[in-house]
Amino acid sequence: MSMEDYQHMGDFNRKGRIGLRKPLTKVYYRAAFTAMRENLGFFLNYKTGKGDGYGCLGEQPLLNHQLRLLSDFMKMYKNSPYFVHLHLSEYTHDDLNGAKIYDKALKSFLVDLHSSGALNNTFFFILGDHGFQRGEHPFTQTNQGRLENLMAACTLLPPTSFSTLHPNLSNNLVQNSEKLTSHYDVNQMLRDLLIYSNASAEDYLRNLEGHGQSLLSSLEDRGCQEAEILPQFCTCTNKEMKIDNSDSSLISFAKKILEDKQQTFVQTGFCQQYLLNYIKDPKLRIYNTSVILDMQLVLKNKEGCVFDVSVHMEGDQIVRLNMIRMDWYSSTSMCLPAEYDVIKPYCICID
């Protein structure tokens, strides 16, 4: 079963961009929820945030209907193998505090499933893909906001009898909760679960090993490199050094980064040249034999215009540079024609 609420921000379908030739699962709710979204006046109401998000379906919160459908499915097939993917983002995508709306409904949902026995043979995951990213909220530019964005949530409720039937695996799972892990490891765990329930799955997965180690195995203490976490997503601080943001060499380097980036759009005639205001929170990190420079570049062009920059260096060579716009950029790039969509995050329109 597959279901998601924010249809135009779907995992596998985006209108006019990407889609599937056939339904992803046997029970697939995309068509139903898409129809509701296209008839907003009749079904969806109570808009949430700045985007195209809606909180209610009829007289009830949208979440109530989604959890009811999921609960019915899990109870009906509690004695059969199944896989369910439910993606919820309508309340949280545009609103930092929207997650609290889920609390009571999710608690009631889990208590009811436990009482019905629907969790007796089920691994239940609550996963996040990233933290809050709406740039207009100042939280995203704090250290806590950046940390939460890089460290996605992962909560796991194993079957009620798991610790009794598989004490070694259960013990590994508990110990690994204190280790550095990633969704690569969750993926490997899901593969293990498939093999445990159906030995023939091992033949199918043999050439698809991928990354990570199963959370059911005994993981060693490890850093970002051993956990296959890329340097721009690494949050380890044991080899970190702060830099003076008024250092002339650093300022010169930051201006050069901006000059190089603006070459991709200045010739269009629509966008301003960047004007650096100041550098925020610059620091150096050691990643294996590499050095990572992290900083935020605050521009004069528009109040609140901030780029998050990560520069990966090997010796005196730059091998990777990531530059992400942190503030709400759609209003500053409205002058760009559709064919320039790819540079919208970097453009500040000429007045």
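Okay, here's what the table says:
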item: Qualifying residue in the stretch 274-287 (condition: more than 25 Å from the chain's Cα centre (by Cα) and either among the charged types (D, E, K, R) or on the phi > 0 side of the Ramachandran plot (or both)); result: no
item: Qualifying positions in the stretch 320-341 - within 29 Å of Leu250 (Cβ to Cβ), open to solvent by 60 Å² or more (accessible area, probe 1.4 Å) and either modelled with pLDDT under 90 or of a type in the set (D, E, K, R) (or both); result: Arg320, Ile324, Trp328, Tyr329
item: Long-range neighbours under 7 Å by Cβ, at least six apart or interchain, first residue in a strand (DSSP E or B) within the stretch 322-351, second of a type in the set (Phe, Trp, Tyr) and open to solvent by less than 20 Å² (accessible area, probe 1.4 Å); result: Met323/Phe307; Ile324/Phe307; Arg325/Phe307
item: Close pairs from the stretch 271-296: first without any contact (Cβ under 8 Å) to a residue 60 or more places away in the chain and within 17 Å of Thr235 (Cα to Cα), partner in a strand (DSSP E or B) and open to solvent by 60 Å² or more (accessible area, probe 1.4 Å), Cβ under 6 Å, at least 6 apart; result: Lys283/Glu240; Lys283/Lys242; Leu284/Met241; Arg285/Glu240; Ser290/Glu314
item: Filter result (surrounded by 14 or more Cβ atoms within 10 Å (Cβ to Cβ) and either in a helix (DSSP H, G or I) or out of contact with any Phe, Trp or Tyr (no Cβ under 7 Å at 6 or more places or on another chain) (or both)) within the stretch 135-147; result: His137, Phe139, Thr140, Gln141, Gly145, Arg146
item: Residues of the stretch 11-23 satisfying the condition of being without any contact (Cβ under 8 Å) to a residue 40 or more places away in the chain and assigned to a loop (DSSP other than H, G, I, E, B); result: Phe12, Asn13, Lys15, Gly16, Arg17, Gly19, Leu20, Arg21, Lys22, Pro23
item: Selection within the stretch 289-300 - more than 15 Å from Gln317 (Cβ to Cβ) and under 25 Å from the mean Cα position of the chain (by Cα); result: Asp294, Met295, Gln296, Leu297, Val298
item: Options Lys280, Lys300: the member that is in contact with a strand residue (DSSP E or B) (Cβ under 6 Å, 6 or more places away or on another chain), of a type outside the set (Val, Ile, Thr), under 13 Å from Lys242 (Cβ atoms) and open to solvent by 50 Å² or more (accessible area, probe 1.4 Å); result: Lys280
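Quick grid of which residues meet (1) part of a loop (DSSP other than H, G, I, E, B); (2) crowded, with 17+ Cβ neighbours inside 10 Å; (3) modelled with pLDDT under 80:
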| residue | (1), (2), (3) |
| --- | --- |
| Met36 | no, yes, yes |
| Leu40 | yes, no, yes |
| Lys47 | no, no, yes |
| Gln66 | no, yes, no |
| Met74 | no, yes, no |
| Phe83 | yes, no, no |
| Lys104 | no, no, no |
| Val111 | no, no, no |
| His114 | no, no, no |
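The values are calculated or read from the model by the stated rules, or taken from the named source; none is laboratory data. What you see is a predicted model, and the numbers here were worked out from it, not measured in a lab. Cβ coordinates were reconstructed from backbone atoms using ideal geometry, including for glycine residues, and neighbour counts include every protein chain displayed. All accessible areas refer to the heavy atoms of the entire protein, side chains included, with ligands and DNA or RNA removed. Shrake-Rupley method; radii C 1.70, N 1.55, O 1.52, S 1.80 Å.
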